[in-house]
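Written out below as structure tokens is the structure these notes cover.
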Amino acid sequence: MNAPAPVLSMKNIETFYGPIMAIRGVSIEVPKGQIVTILGANGAGKTTLMKTVSGVMDPEKGQVVLEGQEIQGKDPDHIVRAGVAHVPEGREVFPFLTVHENLMMGAYTRKDRENIADDIDMVFEYFPILKERRDQQAGTMSGGQQQMLAIGRGLMAKPKVMLLDEPSLGLSPLLVQEIFAIIKRLNAEQSVTMMLVEQNANVALKAAHYGYVLEIGRIVMAGEAKQLLASQDIQEFYLGQTGESQRGQKRWKRKKTWR
Amino acid sequence: MDILQLLIGGIANGCIYGLVALGFVLIYKATEAVNFAQGDMMMIGAFITLTMVNEEWWGLPFGIGVILAIVIMAGLSYLLEVVVIRKLFGQPQFAVVILTIALGFVLRFFAGVIWGHDPQSLETPFAGKAFDIGGLILGYDEAVVIIATAVLTISLYFFFQRTRLGVAMQAASQNQLAAYYMGIPVKWISSMIWAVAGVTATVAGILFAAKGAIDPASGLLGIKAFAAAVIGGFGSLPGALAGGLIIGIVEPMAQYFAPPGYSQIMPYAIMLIVLVVRPNGLFAQIQQKKV
């Protein structure tokens with residue numbers, strides 16, 4: 001892969017829930033300034049992988065390397081300080097804090113207090129609705145607005161890499177388009193490096209530079225986002241398109257190439 | 001006039017219940033566990049102050065003794081969280097409940113050994129004096145209780161609303177996982193919450209011992225304060241204070257108007273009524289999560 005040096009890389013990560021092995025030796029590289037997406041169905045281990053990076057879960061084996069520093073097994077607050085911001089699945093905003101206070105909490109670990117106000121203005125520029133709702137309790141906003149707040153809160157940490165866990169979850173197609181447009185803009189204009197986990201393969205692959213496909217804890221496919229979009233397996237199993245077979249029916253027995 | 005007089009005494013008592021209830025709610029919000037030793041922490045705080053201040057012990061000046069006692073209790077509560085409570089992290093909440101009940105017994109026993117079981121009074125500069133407002137008697141001690149509670153409540157309010165640590169404490173209590181993701185040191189924050197609860201308990205204890213007398217069993221007042229916290233809606237700080245005031249005011253009123261014995265059951269009767277009519281308490285802070 002001909003890309004800039006990776007900001008974040010994972011090497012042979014293995015993570016367990018008790019006796020159950022959720023991640024079975026995964027290696028991923030996230031190059032600087034790019035969006036890398038990880039696709040997979042429910043239970044594939046996408047969220048577990050994210051949690052392993054951000055330190056909420058610890059891997060049994062393998063390394064997570066952020067700009068040359070090994071960060072696996074460290075406490076979450078240490079990893080945030082090192083430069084990883086996690087935008088969790090299902091928003092997880094602080095419901096009784098105002099929008100502004102939520103954003104301030106995103107900047108909790110930052111040392112350069114004088115720049116925080118500028119960054120809040122930057123977030124408001126990308127998400128004007130948040131500016132309007134500045135003093136509203138976050139829990140009273142709609143799902144889409146909460147997702148915007150969660151992304152904005154992640155940005156406030158000035159991360160080296162931002163982990164986005166299913167930003168499209170529970171949003172209308174129109175809102176998904178809007179959020180992904182902003183994600184792409186953030187990547188292009190603010191050169192935010194992102195690792196994006198999605199079930200919505202179509203949207204994710206259109207936004208990303210590179211993609212991995214995760215199935216039951218293993219990487220089964222990897223490639224440039226364009227290649228993946230064009231791949232027959234991805235089209236059939238993740239984009240739900242059916243090719244015409246000779247008999248003009250869907251062939252149910254078609255096997256994935258990696259099985 | 002009698003009723004007004006009762007009201008003043010009730011408010012002063014209610015302030016103390018409210019402060020102990022505040023400790024219950026602080027810890028519950030931060031860690032989702034109930035600290036049933038809150039009343040006993042109040043008792044210990046009062047005895048430490050008494051040791052500092054009273055003539056037969058160290059006889060320090062009142063202000064210095066109070067500040068020292070508050071600092072010591074904050075430190076002790078902090079350590080209690082680090083050394084004991086944190087070990088139960090991930091265990092059922094039930095374990096913490098049993099642990100704190102047992103802790104209450106231990107504290108009561110220690111207090112009995114060190115300070116004896118006889119009621120003792122805290123020597124204060126404001127004992128035995130009173131304002132006389134047109135026949136209405138307002139003791140200095142009662143005035144101090146009301147003012148100290150107001151000051152403490154207002155400073156807690158500003159701490160939680162205005163400071164970075166205070167807002168982070170709120171954040172950690174509203175969504176612990178998200179607080180982890182933001183890099184907020186959640187474990188340290190819960191130790192700090194225990195320290196704050198230790199401070200409110202000590203202030204309550206000082207006010208209690210200044211108004212009347214303290215003995216090792218005084219910590220059982222915590223049960224009434226627990227009822228106050230439930231009335232206010234477990235999880236709401238203003239609610240805890242309001243619950244305390246309600247109980248404080250109703251008690252002497254019931255003593256005055258109702259047949260003997262009723263005043264003791266009033267706090268729990270009110271608690272039951274509130275639980276039936278408004279199960280989330282008077283000042284519920286409940287929010288459904290949107291998907």
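Laid out as a table, the results:
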{"item": "The protein assembly as shown: Rg to Rh, with Rh as the Kirkwood radius over Cα pairs", "result": "1.09"}
{"item": "Calculated SAXS-style log₁₀ I(q)/I(0) at q = 0.17 Å⁻¹ - the stretch A:94-158, Debye, Cα scatterers", "result": "-0.48"}
{"item": "Pair B:A150, B:A95: separation of 7 Å Cα→Cβ label points (nm)", "result": "4.5 nm"}
{"item": "Spin-label proximity, A:E125 to the stretch A:185-201 - amide N less than 20 Å from point 7 Å beyond Cα toward beta carbon", "result": "A:185-194"}
{"item": "P(r) of chain A over all Cα-Cα pairs, binned every 10 Å from zero, in whole percent", "result": "7, 30, 35, 20, 6, 2, 0"}
{"item": "Inter-label distance for B:F158 and B:L272, nm, one decimal - labels placed 7 Å from Cα along Cα-to-Cβ", "result": "4.4 nm"}
{"item": "For B:I137, B:I270, A:I182, order by how many other beta-carbon atoms lie within 10 Å, fewest first", "result": "B:I137, A:I182, B:I270"}
{"item": "Angle between chain B longest axis and helix B:140-162 axis [Cα atoms, degrees, rounded to 10]", "result": "20 degrees"}
{"item": "Lys, Arg +1 and Asp, Glu -1 on Cβ, resulting dipole of chain B about Cα centre, debye, nearest 20", "result": "1320 debye"}
{"item": "Residue-count net charge about B:K224 - beta-carbon cut-off 14 Å; Lys, Arg +1, Asp, Glu -1", "result": "-2"}
{"item": "Chain A: antiparallel DSSP beta bridges as a percent of all, rounded to 5", "result": "55 percent"}
{"item": "Unit charges at the beta carbon, dipole of the protein assembly as shown: most positive-side option, A:M156, B:V20, A:V26", "result": "A:V26"}
{"item": "Choice from B:W57, B:W115, B:W194 with maximal GNM fluctuation in chain B (Cα, 10 Å cutoff)", "result": "B:W57"}
{"item": "Chain B: most fluctuating residue of B:I27, B:I85, B:I44 per GNM, C-alpha cutoff 10 Å", "result": "B:I85"}
{"item": "Listed pairs A:K74/A:K111; A:K32/B:K29; A:K61/B:K29; A:K158/A:K256 exceeding 30 Å between Cα atoms", "result": "A:K32/B:K29; A:K61/B:K29; A:K158/A:K256"}
{"item": "Highest-MSF residue in chain B out of B:F62, B:F89, B:F36 [GNM, Cα springs under 10 Å]", "result": "B:F89"}
{"item": "Charge context of A:A157, other residues only, Cβ under 14 angstrom, K/R +1, D/E -1", "result": "+4"}
{"item": "Fraction of beta bridges assigned by DSSP in the protein assembly as shown that are antiparallel (%, nearest 5)", "result": "60 percent"}
{"item": "Contact order normalised by residue count of chain B, Cα under 8 Å, 6+ apart, percent", "result": "36 percent"}
{"item": "Kirkwood Rh and Cα Rg combined as Rg/Rh, the stretch B:2-219", "result": "1.00"}
{"item": "Net lengthening on full extension, B:W57/B:H117 (0.36 nm per residue, minus Cα-Cα)", "result": "20.0 nm"}
{"item": "Potential extension, A:E14-A:D118 segment - 0.36 nm per residue separation minus Cα distance", "result": "33.5 nm"}
{"item": "Average beta carbon contacts from partner chains per residue of A:45-58, 10 Å cutoff", "result": "1"}
{"item": "Cross-link reach list, aspartates and glutamates versus B:K187, counting only Cα pairs under 20 Å and skipping chain neighbours closer than eight places", "result": "A:D58, A:D75, A:D77, A:E92, B:E32, B:E81"}
{"item": "Zone residues, the stretch B:156-190, relative to B:R86, backbone N less than 14 Å from point 7 Å out along Cα-to-Cβ", "result": "B:185-190"}
{"item": "Likely footprinting exposure, A:H78, A:H86, fewest C-beta neighbours within 10 Å first", "result": "A:H78, A:H86"}
{"item": "Environment charge of A:R185, counting only residues whose C-beta is closer than 12 Å and scoring Lys/Arg +1, Asp/Glu -1", "result": "-2"}
{"item": "B:S236, A:S142 arranged by Cβ crowding within 10 Å, fewest neighbours leading", "result": "A:S142, B:S236"}
{"item": "Cross-link partners of B:K224 among aspartates and glutamates (Cα-Cα below 14 Å; sequence separation of 8 or more within a chain)", "result": "B:D40, B:E251"}
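Values in this text are rule-based calculations from the coordinates and carry no lab data. Please read these numbers as outputs of a predicted model, since none were measured by experiment. All Cβ positions, even for glycine, are placed from backbone atoms using ideal geometry, and neighbour counts span all protein chains on display.
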